[in-house]
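Q: Can you read through this structure? Questions will come right after.
The values are calculated or read from the model by the stated rules, or taken from the named source; none is laboratory data. Note that this is a predicted model, so its numbers are computed, not measured. Quick reminder, even Gly has a Cβ in these numbers, built from the backbone with ideal geometry, and neighbours come from all protein chains shown. These area figures cover heavy atoms from the full protein model, side chains too; ligands, DNA and RNA do not enter into them. Shrake-Rupley method; radii C 1.70, N 1.55, O 1.52, S 1.80 Å.
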Amino acid sequence: VRSQMLVPTPPQTVVGRLVDAGTVWLGEDRDLTSDAQISAGIVAALALAKNAQAPSERNKGAPLAVGLEAVRAEYQPTLDDFVMGKLNPKQEATQALKGPLDWDRHWPYPIERYAPVFEVCRALGLPLVALGTNAKDLKTVEASGLAGLDDKAWARLSLPEGPDALADRVKIG
């Protein structure tokens, strides 16, 4: 940050700077539905900007996808079916997903707050990625701590270094 003051930036400038970024993190105030509308707008703008690039440029950056911490990894096939139009395609997004994701059991915030993001991803065919830890690994850590995780669990957690990746931050074992 160059100054203590925020400077208004035109949306097209922001999108132009983000379109080839490896990762864009969008935060939210979970009490504001408008944050999901803003996120959906950013996702749509990035998708359109990426699509407008020349094919040689379009393939340089990472493909566009939306990750959801609210959805556990074991529900990835449900998200895939939703985006591909195989899961209740005529239903409103949150109604199509709420039951199959067992949303109310796994996430404390209403699924309706995320409707704009789901709808944009379905309309544009953008992958949704389940980022939440699966139930089996959560139960293992609750019962035995990180030391209870086996090699397969560490692979699922996308930490190729295994427990050594956390050694300087967390006591394991």
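Q: Residue by residue through region 99-112, note down the ones that are in contact (Cβ under 8 Å) with a residue 12 or more places away in the chain and open to solvent by 60 Å² or more (accessible area, probe 1.4 Å).
A: Listed by number, the residues that qualify are 109, 112.
Q: Can you tell me which condition residue 135 does not meet? The list is (1) touching a residue at least 60 places away in the same chain (Cβ under 8 Å); (2) open to solvent by 30 Å² or more (accessible area, probe 1.4 Å), and all the others hold.
A: Failing condition for residue 135: (2).
Q: For residue 141, work out the one condition from (1) open to solvent by 30 Å² or more (accessible area, probe 1.4 Å); (2) under 16 Å from residue 69 (Cα atoms) it doesn't fulfil.
A: So residue 141 meets the others, but not (2).
Q: Here is a further query. Of the conditions (1) under 13 Å from residue 120 (Cα atoms); (2) without any contact (Cβ under 8 Å) to a residue 24 or more places away in the chain, residue 94 clears all except one; give me its number.
A: Among (1) under 13 Å from residue 120 (Cα atoms); (2) without any contact (Cβ under 8 Å) to a residue 24 or more places away in the chain, residue 94 violates only (2).
Q: Residues in region 60-77: is at least one open to solvent by less than 50 Å² (accessible area, probe 1.4 Å), closer than 19 Å to residue 113 by Cβ, among the charged types (D, E, K, R) and within 15 Å of the chain's Cα centre (by Cα)?
A: Within region 60-77, not a single residue is open to solvent by less than 50 Å² (accessible area, probe 1.4 Å), closer than 19 Å to residue 113 by Cβ, among the charged types (D, E, K, R) and within 15 Å of the chain's Cα centre (by Cα).
Q: I'm trying to understand the selection: among the residues of region 148-159, which are open to solvent by 60 Å² or more (accessible area, probe 1.4 Å) and part of a helix (DSSP H, G or I)?
A: Selection gives 151, 152, 155, 156.
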